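Participant: Below you'll find the structure I mean.
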Amino acid sequence: MWLGVVVITLILGLVMFIYMVHKAQSDQVNRKTIKAAEYPYEQPMNIFFISDIHNRALRPRTMNEVKDADLVIIGGDLVDKRTSISRLKENLKVLKEWGAPVYFIPGNNDRELIGEDLVKILEGNEIVTLSNTDDIVSLSNNRKVALTGIDPYFMKPRREMYHLKERYPFQILCVHDPYVFYNMNEKDREMYDLILTGHTHGGQIRIFGLGPFTSGGWFQKDGKPLLVSEGYGTTLLPLRLGTKAECHIITVVNED
């Protein structure tokens, strides 16, 4: 009898392990439309946002679901110590296929890349790193939006964020860890119309709905939309339970 119990337990454990591996590889594109009075253009803006790729290869089948993007934002943990240079460069090639501006905001694992300097690789691929700085992003049809990247990990030297001194039509903030945004002073938080974060993986493994972090998703903070992505890849073990491997298309339209 005990042998039977052990065998059944091992089988169930193996089935659960295979299921968690499957969940970690079963990524999806989540879509969200944001209506914002601050967005002054008639033409919608499509943002492709992805965070926490870590050591995963971007799946062409998933990326092919994204027909077009006006702006690509990588929200940190593009790599970790497991990531090869060849995999990194292949992922960057995929993220540039839409011909849109690509921006990278560092995460806590991005310093771990072995063999080459990550920022230099990105610059060589015409990808802009926002490390405690910001940029006015030029899109098609003379549209412009402001994008700020907060980097508490200091991939590049600290710089002053200039546009915080004045209001700019539609301002996006990307910071890898939502905790950093939550702890900003209220005046600075109010400057932004859209906040994009990741880092938590939604807890990555949740048992009976419980995990080390709250589930990811869309939230309202100070009346503004805040995304906490559960991320595309995994850290430590390539397993997921009760969370999603995800990337995002965010369509911003004028609410009028």
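Participant: Would you check if residue 147 is of a type outside the set (D, E, K, R) and closer than 16 Å to residue 48 by Cβ?
Facilitator: Yes; evaluated as a whole, the condition is true for this residue.
Participant: Another one. In region 99-128, how many are of a type outside the set (D, E, K, R), out of contact with any Phe, Trp or Tyr (no Cβ under 7 Å at 6 or more places or on another chain) and open to solvent by 50 Å² or more (accessible area, probe 1.4 Å)?
Facilitator: 4
Participant: Among the residues of region 54-95, which ones are within 19 Å of residue 150 (Cα to Cα) and out of contact with any Asp or Glu (no Cβ under 7 Å at 6 or more places or on another chain)?
Facilitator: Residues satisfying the conditions are 71, 72, 73, 74, 75.
Yes/no matrix, rows are residues, columns are (1) modelled with pLDDT of 95 or more; (2) in contact with a helix residue (DSSP H, G or I) (Cβ under 9 Å, 6 or more places away or on another chain); (3) open to solvent by less than 80 Å² (accessible area, probe 1.4 Å):
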{"site": "4", "(1), (2), (3)": "no, no, yes"}
{"site": "9", "(1), (2), (3)": "no, no, no"}
{"site": "13", "(1), (2), (3)": "no, no, yes"}
{"site": "34", "(1), (2), (3)": "yes, no, yes"}
{"site": "38", "(1), (2), (3)": "no, no, yes"}
{"site": "43", "(1), (2), (3)": "yes, yes, yes"}
{"site": "52", "(1), (2), (3)": "yes, yes, yes"}
{"site": "57", "(1), (2), (3)": "yes, yes, yes"}
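Participant: Quick check on my filter: what residues within region 237-256 are under 20 Å from residue 20 (Cα atoms) and touching a residue at least 12 places away in the same chain (Cβ under 8 Å)?
Facilitator: Passing the criteria: 238, 239, 240, 241, 242, 243, 244, 245, 246, 247.
Participant: Restricting to region 10-52, what's the tally of residues that are of a type in the set (Val, Ile, Thr) and part of a helix (DSSP H, G or I)?
Facilitator: 4
The values are calculated or read from the model by the stated rules, or taken from the named source; none is laboratory data. None of these values were measured; they are calculated from a predicted model. A quick note on method: Cβ atoms are made from the backbone with ideal geometry, for glycine too, and the neighbour counts reach across all protein chains shown. When the accessible area is computed, the model is the full protein with side chains, heavy atoms only, and any ligands, DNA or RNA have been set aside. Shrake-Rupley method; radii C 1.70, N 1.55, O 1.52, S 1.80 Å.
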